[in-house]
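Novice: Just passing along the structure, written as C-alpha cells.
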Amino acid sequence: MSDYYLTDDEKRFLLKIARNKLNVLFDSESINLSDATLSENLKAPLGAFVSLYEDGQLRGCIGTFSAVKPLYITVGDVSVSSALNDNRFKPVVGSEIEDINIEISVLTPLEKIRSINEIELGKHGIYIKKGVFSGTFLPQVALKTNWTLEEFVGHCSRDKAGIGWDGWSNAELFRYRAIVFNETEFN
C-alpha cells in the first residue's frame, strides 16, 4: 500500500462526499453525486479520518483504521461522526456548516514497529495500543505542534491512550501514513 495515491479528482470527490453528508445531516442542499464514476482507489477498503475546522480551530475529528468498507463510504460515515460524536466538542449545528472546512486523511494500513525511532515526524502517524487502551495522532499533528519525537509519542500515550507519558514503552506501537487534503486546497 505504500504506492497508494489519490488523484486530485478523487480527492475532490471524497471532499464532496463528506460535504454532502454534512449538508444532508443538517437539511442543507445536497450535491449531485450520481454522475460520479467510482475508481478502484475510491472502492479500496481503507481507513480514514475526517477533521472539521471552524476559523482554523479543530471542531471535530473522528476516523477509523478499519478497512472493511470502501473508502468513499468510510469518508461519509466518519464525516457525520466528526460532526456529532467527538466528545471533546459540542455537536456541530446547522448554522456552522458553511463555516466548516473539511480535511480528510486517508490512511495506509497499520505497520507494527519495535522502536519509536522507526517514526519519521510529519510522515508517519502513530497508533499506541495497550490492552483496552489505545490512541493515535495523525502525521500532521507533529507538524502543527512542532513536538519532538519523544513529545509526539509521550502526548499520544498520555493524552490519547491514557496510559501515562511513558506507557508507550511497554505497549504495541504502530505507524502509518496519511494522504491529507482539505477543501481549501480545491476552492
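Novice: Any residue at all in the range 112-122 that is of a type outside the set (D, E, K, R) and modelled with pLDDT under 95?
Specialist: Yes, that holds for at least one residue.
Novice: Under the condition of being out of contact with any strand residue (DSSP E or B) (no Cβ under 8 Å at 6 or more places or on another chain) and aliphatic (A, V, I, L, M), which residue from the range 124-155 is surrounded by the fewest Cβ atoms within 10 Å (Cβ to Cβ)?
Specialist: The qualifying residue surrounded by the fewest Cβ atoms within 10 Å (Cβ to Cβ) is V132.
Novice: Could you check, for the range 134-152, whether at least one of its residues is touching a residue at least 40 places away in the same chain (Cβ under 8 Å), of a type in the set (F, W, Y) and farther than 30 Å from D27 by Cα?
Specialist: No, the range 134-152 has no match at all.
Novice: Now for a different question. Under 6 Å between Cβ atoms, at least 6 apart or on separate chains: pull out the pairs that start in the range 2-26 with a residue that is in contact (Cβ under 8 Å) with a residue 60 or more places away in the chain and end on any residue that is of a type in the set (F, W, Y).
Specialist: Every condition considered, the pairs that remain are K11/F181; R12/F186; I17/Y72.
Novice: I've got another one for you. Regarding S79, is this residue in contact (Cβ under 8 Å) with a residue 40 or more places away in the chain and small (G, A, S)?
Specialist: Criteria met by S79.
Novice: Mind telling me which of the residues E98, E185 ends up being in the same structural domain as R59 (by TED's automatic domain parsing) and among the acidic types (D, E)?
Specialist: Numbers: E185 fails: in the same structural domain as R59 (by TED's automatic domain parsing).
E98 is the lone residue from the list that is in the same structural domain as R59 (by TED's automatic domain parsing) and among the acidic types (D, E).
Novice: crowded, with 16+ Cβ neighbours inside 10 Å, under 24 Å from R59 (Cα atoms), in contact with a Lys or Arg (Cβ under 9 Å, 6 or more places away or on another chain) and of a type in the set (K, R): does that describe R158?
Specialist: So R158 fails the test.
Novice: Going through the range 103-114 one residue at a time, which ones are of a type outside the set (D, E) and either in contact (Cβ under 8 Å) with a residue 60 or more places away in the chain or part of a helix (DSSP H, G or I) (or both)?
Specialist: The answer is I104, S105, V106, L107, T108, P109, L110, K112, I113.
The values are calculated or read from the model by the stated rules, or taken from the named source; none is laboratory data. Here the structure is a predicted model, which is why all the values come from computation and not from measurement. No Cβ is skipped: glycine too gets one built from the backbone with ideal geometry, and neighbour counts run over all protein chains shown.
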